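A quick write-up on the structure given underneath.
Each reported figure results from applying straightforward, stated rules to the coordinates on display, with no laboratory input. This is a predicted model, so every value here is computed, not measured. FYI the Cβ positions are ideal-geometry reconstructions off the backbone, even for glycines, and counts take in every protein chain you see.
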Amino acid sequence: MSYLVLALIFYILWDVNYFLRCIFTILAGSLFQPKRKVTDTTTIYGLCTSQDVDIFIRHMNNARYLRELDFARFHFYALTDLYKRVRQLGGGAVQGASTIRYRRSIPIFSAYKIQTKLIWWDEKAIYLEQQFITLSDGFVRAIAFSKQNVNDCNVMNLMKTFDEIGEERPALREELRLWLDAMELASLPLRKDK
């Protein structure tokens, strides 16, 4: 079998573009941008292309927003050293939940930015707010909350390793509290009685 056929099979079986974009996003952020405080907002840029649109070929499809949020989250981790510190403490992080509110679609061939900010944490997770903003008009097109479960590591202790974090957490915003309550309520029927 030729290398071209092997490369084609590999490309079909694996989402090669996703892995290449992850590597590029992390390396570009790590090598060419200054480190940020964990309390800072980070920004990445994107363009809605023909690979991002829905069946009507007019605007970004809903699933693509979530994929783009992954890249913005990886970028945040790299610039703030958050994930590096989780690993140093023997932990790992995994997406626990997300919710997104679409306000207005991102048209095809529109440039946008995603801003990511740490807004709260508890013993087991960190919570990020991420916004899609089109560059042409500065309009917030979508807002997402993301719960990042941190395994094998107490997040309260983790956050104390950052000089910019004081003893107090930020205030728990009402919309985040309601989302957390909704997740808790939705989980109740799924729990096994003990």
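Worth a mention:
- Under-5 Å amide H pairs with F139, H placed in peptide plane, nonlocal only: T134
- Here K35 is the anchor, and the aspartates and glutamates within straight C-alpha reach of less than 18 Å, apart from those fewer than 8 places off in the same chain, are D81, D163, E164.
- Extension gain (nm, one decimal) between V140 and A63, 0.36 nm per residue minus Cα-Cα: 25.9 nm
- Label-to-label distance, nm, for residues given as D181 and R104 (7 Å Cα→Cβ offset): 3.1 nm
- Correct option for percent of Cα pairs over 32 Å apart [calculated from the coordinates] among (i) 18; (ii) 23; (iii) 39: (ii)
- Dipole of the chain computed with +1 at Lys/Arg Cβ and -1 at Asp/Glu Cβ about the Cα centre; of W121, L69, G90, farthest Cα towards the positive end is L69.
- The dipole here belongs to segment 42-194: it is taken about the Cα centre, uses +1 on the Cβ of Lys and Arg and -1 on the Cβ of Asp and Glu, and is about 360 debye.
- Estimated [θ] at 222 nm from DSSP helical runs (n ≥ 4, -39500 (n - 2.57)) normalised by residues in the chain, nearest 500: -11500 deg cm²/dmol
- Along segment 78-92 the Karplus relation, 6.51 cos²θ - 1.76 cosθ + 1.60 evaluated at θ = phi - 60°, assigns HN-Hα couplings of 5, 6, 9, 6, 4, 5, 4, 6, 4, 5, 4, 8, x, x, x Hz to successive residues, with x for each Gly and Pro.
- Gained length - S30 relative to M156, 0.36 nm times residue gap less alpha-carbon distance: 42.8 nm
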